[in-house]
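Only one structure is covered here, and it is reproduced in the block below.
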Amino acid sequence: MPSATGVLVVNLGTPDAPTPEAVRRFLAEFLSDPRVVNLPRLPWQLVLRTFILPFRPEKSARAYREVWTPAGSPLLTGTEALTRALIHALAALPGEPPPVAMGMTYGNPSIDHALQKLQSAGVRRLVVLPLYPQYSATTTAAAFDRVDAALARWRAPPERLLIEDYHAEPDHIAALAASIAAARAPFDHLLFSFHGIPRRYAAAGDPYGEQCRATARLVAAHLALPTERWSLAFQSRVGFTRWLEPYTEDRLRELARAGSLRLAVVCPGFAVDCLETLEEIAIRGAATFISAGGVDFEYIPALNDSAAQVECLARLIRERMP
């Protein structure tokens, strides 16, 4: 008898290959989503196709090649590993284990493809888990949009049970704190680096920035870090508009010049490691810090498929199952 409840695990997505052509396809889909770039459609498409897509993919492809593995994109393989671990954890529940499928908001495997698998399994309720600890319209809501668009084609859509965020869940905070406590060497300062969003999105009511700050405060409190030994910044800014501040690149230089010579950086907005953590922070961020006078730089990996993260996410899923 088919399980009544299925689970959809969602992440943002990745190019199929570290090539300009694959990156161009991915960016065209990603940057055409009005949740991501909230500008008038026709002018933005003109800018995107005239000034961005002809030039940005070559640079981005070089960055992807820095972190690409024989198994593929780190974001894809990391999300697959986390999904497999969740399947194993949920199989330990009494009764028939729920079917679990993984989909990407952009690129492959798509959300639609994942939902087709769950439809074939006969699910009547759907738990949707976007792998974004902090809610943002640019990520979480964009994923829900894709889910809704796919479910609209079902003759009998399932009930949706949404996990909108888990930025302050005690077991998530404890998992982050434990990963930091296990850092390779003592640090003078801990920097929390989150992906940024334009300031105007926050001004319009997006709670993402405040949820990032809440996560950082809770983790720092769990570690009993005094305020002068940790700070928060936002990375991955593009374009010329103002994004949430301070910017990670600027903060790295400031910390080195201020005498925090041993730095640890953690990126609690990413459930699994990806281009933004492995290339932007662990490679370029380290180079920025060292060139500004820093001595020791440690990137603390994402929680990935660690037992603590799997247990937390499995609990969130179980709480939404009857």
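Projected onto the charge dipole of the chain (+1 at Lys/Arg Cβ, -1 at Asp/Glu Cβ, origin at the Cα centre), which of Gly205, Ala314, Ala258 gives the Cα projection farthest towards the positive end?
Farthest towards the positive pole: Gly205.
Take the alpha carbon atoms of region 134-218, find their radius of gyration, then divide it by 2.2 N^0.38 Å using N residues; give the quotient.
1.43
Which values of log₁₀ I(q)/I(0), to two decimal places, follow from the Debye formula for region 103-151 at q = 0.24, 0.25 Å⁻¹ with a uniform point scatterer at every Cα?
Debye curve over Cα of region 103-151, log10 I(q)/I(0) at q = 0.24, 0.25 Å⁻¹: -0.92, -0.98.
How big is region 1-157 by the Kirkwood estimate over distinct Cα pairs, in Å?
Taking the inverse mean of 1/r over all distinct Cα pairs, region 1-157 comes out at 17.0 Å.
Calculate how many DSSP beta bridges within the chain are antiparallel, expressed in % of all such bridges and rounded to the nearest 5.
Counting only bridges with both partners in the chain, antiparallel ones make up about 5 percent.
Evaluate the distance, in nm, between pseudo-label points positioned 7 Å from the Cα of Ala152 and of Arg262 along their respective Cα→Cβ axes.
A separation of 5.5 nm, rounded to one decimal place.
Among Leu190, Ile163, Val123, whose Cα lies farthest out toward the positive end of the dipole of region 115-204, if unit charges sit on the beta carbon of Lys, Arg (+1) and Asp, Glu (-1)?
Checking the options against the dipole of region 115-204, the answer is Val123.
Mind checking the full-extension length gain between Asp112 and Ala214? Use 0.36 nm per residue of separation minus the Cα-Cα distance, one decimal, nm.
So the extension gain works out to 33.4 nm.
Report the accessible area of Asp145, computed with a 1.4 Å probe over the heavy atoms of all protein chains in place, in Å² rounded to the nearest 10.
60
For a bin width of 10 Å, list the pair-distance distribution of region 49-126 built from all Cα-Cα distances, rounded to whole %.
15, 34, 28, 15, 7, 1
Stokes-Einstein D for region 231-322 at 25 °C, 0.890 mPa s, Kirkwood Rh over Cα pairs, in µm²/s?
D, rounded to a whole number, is 166 µm²/s.
In 10 Å bins starting at zero, report the fraction of Cα pairs in region 198-268 per bin as a rounded %.
17, 46, 31, 6
State the three equivalent ellipsoid semi-axes of region 1-41, derived from the C-alpha gyration tensor as the square roots of 5 times its eigenvalues, in descending order and whole Å.
29, 18, 7
Which percent of Cα pairs goes in each bin when the distances of the chain are cut into 10 angstrom slices starting at zero?
6, 25, 34, 25, 9, 1, 0
Using the alpha-carbon centroid of each, what span in Å lies between region 92-144 and region 302-320?
A separation of 15 Å, based on Cα centres.
Let me spell out the model: positive unit charges on the Cβ of Lys and Arg, negative unit charges on the Cβ of Asp and Glu, origin at the Cα centre of region 169-322. What dipole size does that give, in debye rounded to 20?
For this selection, approximately 320 debye.
Quick one: net charge of Leu48's neighbours, Cβ under 14 Å, K/R +1, D/E -1?
+3
The values are calculated or read from the model by the stated rules, or taken from the named source; none is laboratory data. Predicted, not measured: the structure shown is a model, and the values here were computed from it. Every residue, glycine as well, gets a Cβ built from its backbone with ideal geometry; the counts of neighbours run over all protein chains shown. Ligands, DNA and RNA are excluded from the accessible area calculation, which covers all protein heavy atoms including side chains. Shrake-Rupley method; radii C 1.70, N 1.55, O 1.52, S 1.80 Å.
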